[in-house]
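Here's the structure, in structure tokens; my notes come after.
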Amino acid sequence: MPTNTVITAANEAFLRRINELSGEKVTRCEQCGICSAGCPLVAEMDRTPAEMMRMVQLGDEDIAKSKTIWICASCFTCTVKCPRGLDPSKVAEALRQLNLRKAVDYIDLMNIPKEEMEILPQIALVSAFRKLTG
Amino acid sequence: MKIPYYPGCSLKTSAKNLEVSALAAAEKLGIEMVEMPRWNCCGTVFSLTSDDLMHHVASVRNLVRVQEMSENGSVDTTNKMVTLCSMCFNTMKSAAKRVRENAEDLVKINSFMDTEPDYNGNVQVLHLLEIIRDMGFDKVSAKVTRPLEGLKIAPYYGCMLIRPKEIGIDDPEDPTIGAQLFKALGAEIVDNPFKKVCCGAYHTVHNKDTVIELAHDILTHAQEEGGEAISTSCPLCAFNLDNRQKEIKEKYLKFKEMPVFYFSQLMTLAFGLGEDACMFEANYVDPRPLLKSKNLL
């Protein structure tokens, strides 16, 4: 993760876009890391939730290509723990939406095995396809 | 109390045991849940982006049904509705909050729903558990004919019932509403920190391995504390914690199966409403051997 980098106009535009989409002021994050400590899915992620927040602050668009944003299940554990009152789950959603609005789906119905389709309840399918496809 | 009831898709299919038992238990407590006409899927998840209103239309349309029921006298509550599924509860309450607090969003959604009456923005979305809590758990105890003596229940809350703070019905860090209910039913409560850990939710569709790990952690922590069964109010948690035990057993050979109850099944059992009202046969891990061993069946 870049730590001492020059913030370009493109970086600033990315930060503004995520602030606008998420409704959060990501620059308020103080990098305490409580979101990462509490996240039940952090072990699966390539960037921790705190790193995600930092990369957005720096306008680093690589975070939109991370695995992290798709692993986040919007469980709101970070939301209730953040001492700054921020909601990282909304930031992850904004980053997913950046991809989904370019018609880049994360999952494909055709890749789900037939035997799974027979047992999966619709509550699972509807939520997965609403979160992970555009 | 006669209140509009929103079932949602699971309650009519994979979670019939939640609906059947909850309707019977609520009736015993004097709560008549009147299914709303022409309800539609709530969408299961609430869109978290600031500019996305389209994904809230489905939920708001259901709120219009509640408004109509309040107006036409088919219920005796005003602008209140009850849900059973944690995800429906969270999605509908979040949508109701958004349009209540953002007048402009409400106008946009109302003009989009051209053929529907305008939504007034006033509906309060409730979960059955909070209605019961507000009545008082002593009212629950008074209806118990078969106390769940000796049954060690680890209440599991998951995410959508308790988070985020402004939506949840209990302390998001240390929820106790289930423990209080089951105590009133005579059960022993087993507390453990995994009661509020996400089960992986919809990852069960495309990332099953993660769900298996989380569900294994949630179940085994409850077992290590002495829990004999866990409880839930969410059909997706139920699928991940109950049905996925098949995969957990294949991966963890030492894992012992554990029944997963809907909170309402424990109520119908303790109220002595009969096995038809409990619908234990719809649970993946059959809870009846455990209940028989405790002389509860």
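Values quoted throughout were computed directly from the atomic coordinates according to the rules given, and no laboratory measurement underlies them. Note that the structure is a prediction, hence the values are computed from the model and not measured. Heads up, the Cβs are rebuilt from the backbone with ideal geometry, glycines too, and the neighbour counts pull from every protein chain shown.
Annotations for the structure displayed:
- For segment B:249-290, the residues whose amide N sits under 14 Å from a probe point set 7 Å from the Cα of B:Arg146 along the beta carbon direction are B:265-281, B:287-290.
- Over the C-alpha trace of the protein assembly as shown, radius of gyration and Dmax come out as 21.8, 71 angstrom.
- Axial C-alpha extent at least 20 Å, average Kyte-Doolittle at least -1.0 - helices from chain B (DSSP): B:57-72, B:86-101, B:208-224
- Residue among A:Val42, A:Val26, A:Val80 with the largest mean-square fluctuation in a Gaussian network model of chain A, springs linking Cα atoms under 10 Å: A:Val80
- Centre-to-centre, using Cα atoms only, segment A:7-45 and segment B:223-245 are separated by 33 Å.
- Chain A: most fluctuating residue of A:Asp60, A:Asp46, A:Asp108 per GNM, C-alpha cutoff 10 Å: A:Asp108
- Rounded tilt (10° steps) of A:9-22 against the dominant C-alpha axis of chain A: 50 degrees
- Residue of B:Ser141, B:Ser50, B:Ser233 that the Gaussian network model of chain B assigns the largest fluctuation, springs spanning Cα pairs under 10 Å: B:Ser50
- B:Gly30 sits among other residues whose Cβ lies under 10 Å from its own Cβ, and their net charge, with Lys and Arg +1 and Asp and Glu -1, is +2.
- Counting only Cα atoms, the size of segment B:2-129 along its three principal axes is 42, 31, 23 Å, in decreasing order.
- Over 29 Å between alpha carbons, listed pairs A:Lys25/B:Lys108; B:Lys143/B:Lys254; B:Lys249/B:Lys292; A:Lys90/B:Lys246; B:Lys80/B:Lys143: B:Lys143/B:Lys254; A:Lys90/B:Lys246
- Distance between the modelled labels on B:Lys16 and B:Asp134, one decimal in nanometres: 3.2 nm (7 Å Cα→Cβ projection).
- Cut-off under 5 Å, modelled amide H: who pairs with B:Glu32 long-range: B:Lys2, B:Ile3
- Among B:His127, B:Ala24, B:Cys85 - extreme Cα towards positive end, dipole of segment B:2-129, charges at beta-carbon: B:Ala24
- CD proxy at 222 nm, helix term only [per DSSP H run n ≥ 4: -39500 (n - 2.57); per residue of the protein assembly as shown; nearest 500]: -12500 deg cm²/dmol
- Other residues with beta-carbon under 14 Å from the beta-carbon of B:Ala222 carry, at +1 per Lys or Arg and -1 per Asp or Glu, a net charge of -4.
- Couplings 3J(HN,Hα) for segment A:75-91, derived from phi with the Karplus relation 6.51 cos²θ - 1.76 cosθ + 1.60 (θ = phi - 60°), are 8, 6, 5, 5, 4, 7, 9, 4, x, 9, x, 8, 10, x, 5, 6, 5 Hz, where x marks Gly and Pro.
- The spacing between segment B:247-261 and segment B:111-178, judged by their C-alpha centroids, is 28 Å.
- Chain A - Debye-derived log10 I(q)/I(0), Cα point model, q = 0.15, 0.17, 0.22 Å⁻¹: -0.73, -0.90, -1.36
- Taking 24 Å as the straight-line reach from the Cα of B:Lys251, the lysines in range (excluding those fewer than 8 positions away in the same chain) are A:Lys114, B:Lys195, B:Lys196, B:Lys208.
- Projecting the Cα atoms of A:Met117, A:Ala43, A:Leu86 onto the dipole axis of chain A, where Lys and Arg carry +1 and Asp and Glu carry -1 at the beta carbon, places A:Leu86 farthest toward the positive end.
- The simple spin-label model puts a point 7 Å past each Cα toward its Cβ; for B:Ser74 and A:Glu118 those points are separated by 3.8 nm.
- With the largest listed first and rounded to whole Å, the semi-axes of the equivalent ellipsoid of segment B:150-297 from the Cα gyration tensor are 22, 19, 14.
- The orientation-averaged projection of the convex hull spanning the C-alpha atoms of chain B amounts to 14.9 square nanometres.
- The ratio of the alpha-carbon radius of gyration of segment A:1-49 to the globular-protein estimate 2.2 N^0.38 Å is 1.34.
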